[in-house]
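Colleague: Handing you a structure now.
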Amino acid sequence: TWAAFWTYGMEDNINGDPSEIDILEQLDRNMFTFSTNLHITNPYKRHQNLKDIKMEPMNLSDDFHRYGILKEKDRLTFYFDGIPCREITNDIKYLTDKQHIIINNGNCSTEIENDMYIDWVRFYKKI
């Protein structure tokens, strides 16, 4: 299993596919790294690439952390504990506006077991 905090489009984008934003994926037992990703289909049928965020020497399992995104018209910014850690500016216009928030331990063909503890979840909308 792997810990995941992500969003999934509630409707298809202009190219007929829902978008997905991986805010946090903890794909293995490396507690010093988490992954972010943006799955969108643009007119060229390309997706953004996965990016690992390395936090060494901090062990992510030692304490609670805040993971987040800020979606603006021309950019998507990923945050770790309130600090920007990644920004995407190309193809943002293909993101689906309405997104479900999903928090889960994904399932894969591995013997690895991860626990994920959640203290709180907040959603903000700019007015």
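Colleague: Once the other residues with Cβ under 13 Å from the Cβ of GLU72 are scored (Lys, Arg +1; Asp, Glu -1), what is the net sum?
Modeller: +3
Colleague: Of LYS51/LYS93; LYS73/LYS93; LYS71/LYS93; LYS54/LYS98; LYS71/LYS98, which pairs sit farther than 18 Å apart, going by alpha carbon to alpha carbon?
Modeller: From the list (LYS51/LYS93; LYS73/LYS93; LYS71/LYS93; LYS54/LYS98; LYS71/LYS98), the Cα-Cα distance tops 18 Å for LYS51/LYS93; LYS54/LYS98.
Colleague: Would you list PHE78, PHE32 from the most to the least accessible area, probe 1.4 Å?
Modeller: Largest accessible area first, the residues go PHE32, PHE78.
Colleague: In nm, to one decimal, how far is the ILE53 label point from the THR77 one, both placed 7 Å along Cα→Cβ?
Modeller: Calculated label separation equals 1.2 nm.
The values are calculated or read from the model by the stated rules, or taken from the named source; none is laboratory data. Worth saying up front: this structure is predicted, and the values here are computed from it rather than measured. For neighbour counting, all protein chains shown are included, and Cβ atoms are generated from backbone atoms with ideal geometry for every residue, glycine included. Remember, those area values only see protein heavy atoms, side chains included, never the ligands or the DNA or RNA. Shrake-Rupley method; radii C 1.70, N 1.55, O 1.52, S 1.80 Å.
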